[in-house]
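Q: Please see the structure below; I have some questions.
The values are calculated or read from the model by the stated rules, or taken from the named source; none is laboratory data. Please read these numbers as outputs of a predicted model, since none were measured by experiment. When we count neighbours, we look across all protein chains shown, and the Cβ atoms used for this are built from the backbone with ideal geometry, even at glycine.
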Amino acid sequence: MAAPSAVPALIPAVSSTPPDLQAILDINRAAYDMLAGTYRGSTEIRQENAKKWLTQRLPQITATARPTALDIGCADGTHSRVLSALGYEVTGVDFSEQMISAARELADDPTLPNKPSLLHGEFLAGRYVDEHGTDTRLDGAGFDLVLATAFVHLFPPEADDEAVHKVLGHVAPGGTALISTTAALSNRQGLEIKAGAGGKVAHRWRNHYTLEHFLWLVREAARDMYGAKIPVQPWVVVDPDDEGKLWIDVAVTRPA
């Protein structure tokens, strides 16, 4: 099925030549390495907001008595720590070395019932390194909850589709994926300026989706992965720190 609308380039862009996937990964990795200190400095408020958000969603998500979770694009591990505190056995992955370093430091908390396993590596490639420097793969691993927050929109068209398919591929039978992005009035893509603390500025590549387009992207991937028309539960919520920003949360439950 064709997408509901085209995705024009975002203007202004840093470059008039669209970068390829590897170039986009390199650009975004450098951006998030730079932003790690900014994330680290706002840990408490973001963790409070994350706890409120997840506790609203999790009662509607089926999980086992000893649930497992995969936090994709975990950044400094905010959601990983919240899920751990809620009793999940958590694996978090991120491609930014500085972000995963911050996540490991913050997860060194004796109050967490299950310390998250935090892996450094690129999601589409599927190759990771643990805190001991040991190569690790998650091929075929299934989780009761798979979280992909503000993640899929970091990939260009076609690669974002591949990312959604792979996210859903890690959902165990009866488990749920929770995928989120910001809502836009029109589809667009390109390089943007993203500000960090202390006046630092980075360039980040991302997609912006309308609600219709993002739901289409997730529904089509769910149908491909699970071989049936799967119910997709969307929510549109206001960003707690920016009333002008709306988030789309989409839950997809894999048949048991």
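Q: How many residues does segment 94-105 contain that are surrounded by fewer than 24 Cβ atoms within 10 Å (Cβ to Cβ) and either touching a Cys at 6+ places or on another chain (Cβ under 9 Å) or not aliphatic (A, V, I, L, M) (or both)?
A: 6
Q: Now for a separate question. Going by the structure shown, is PHE155 farther than 15 Å from GLY73 by Cα, in contact (Cβ under 8 Å) with a residue 60 or more places away in the chain and not hydroxyl-bearing (Ser, Thr, Tyr)?
A: The answer is no for PHE155.
Q: Next up: Could you run through segment 199-242 and say how many residues are of a type in the set (Gly, Ala, Ser), farther than 20 Å from VAL167 by Cα and surrounded by fewer than 18 Cβ atoms within 10 Å (Cβ to Cβ)?
A: Of the residues in segment 199-242, 1 are of a type in the set (Gly, Ala, Ser), farther than 20 Å from VAL167 by Cα and surrounded by fewer than 18 Cβ atoms within 10 Å (Cβ to Cβ).
This table checks each residue for (1) modelled with pLDDT of 95 or more; (2) of a type outside the set (D, E, K, R); (3) under 13 Å from the mean Cα position of the chain (by Cα).
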site	(1), (2), (3)
ALA65	no, yes, no
GLY73	yes, yes, yes
MET99	yes, yes, no
ASP109	no, no, no
LEU119	yes, yes, no
PHE123	yes, yes, yes
GLY142	yes, yes, no
PRO157	no, yes, no
VAL167	yes, yes, yes
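Q: Restricting the search to segment 20-48, which residues are out of contact with any helix residue (DSSP H, G or I) (no Cβ under 7 Å at 6 or more places or on another chain), of a type outside the set (Asp, Glu) and modelled with pLDDT of 90 or more?
A: Passing the criteria: GLN22, ALA23, ILE24, LEU25, ILE27, ARG29, ALA30, ALA31, MET34, LEU35.
Q: Just name the residue that is farthest from ASP160 (Cα to Cα) out of those in segment 180-198 that are out of contact with any Ser or Thr (no Cβ under 8 Å at 6 or more places or on another chain) and of a type in the set (A, V, I, L, M).
A: Result: ALA195.
Q: On the basis of being out of contact with any Pro (no Cβ under 6 Å at 6 or more places or on another chain), in contact (Cβ under 8 Å) with a residue 60 or more places away in the chain and of a type in the set (D, E, K, R), does LYS166 make the cut?
A: no
Q: Considering only residues that are of a type in the set (S, T, N, Q) and farther than 16 Å from ALA222 by Cβ, look in segment 133-180 and name the one that is surrounded by the most Cβ atoms within 10 Å (Cβ to Cβ).
A: Restricting to residues being of a type in the set (S, T, N, Q) and farther than 16 Å from ALA222 by Cβ, the top hit is THR149.
Q: Now a separate question. Can you list residue pairs whose Cβ atoms sit under 7 Å apart, with the first residue in segment 210-226 being free of Cβ contacts under 8 Å to residues at least 40 places away in the same chain and the second being of a type in the set (Gly, Ala, Ser) and not in a helix (DSSP H, G or I)? Count only pairs 6 or more apart in sequence or on different chains.
A: LEU211/ALA183
Q: Using the structure shown, decide if SER180 is touching a residue at least 24 places away in the same chain (Cβ under 8 Å), polar (S, T, N, Q) and either under 19 Å from PRO231 (Cβ atoms) or touching a Cys at 6+ places or on another chain (Cβ under 6 Å) (or both).
A: yes
Q: Pairs, please: C-beta under 8 Å, at least 6 apart or cross-chain, first residue in a helix (DSSP H, G or I) and polar (S, T, N, Q) and in segment 41-69, second modelled with pLDDT under 85 and surrounded by fewer than 17 Cβ atoms within 10 Å (Cβ to Cβ)?
A: Once the first residue is in a helix (DSSP H, G or I) and polar (S, T, N, Q) and sits in segment 41-69, its partners that are modelled with pLDDT under 85 and surrounded by fewer than 17 Cβ atoms within 10 Å (Cβ to Cβ) give ASN49/PRO240; ASN49/ASP241.
Q: Applying the selection to segment 169-181, what residues are in contact with a strand residue (DSSP E or B) (Cβ under 7 Å, 6 or more places away or on another chain) and either at pLDDT 95 or above or over 23 Å from ALA50 (Cα atoms) (or both)?
A: HIS170, VAL171, ALA172, ALA177, LEU178, ILE179, SER180, THR181, listed by residue number.
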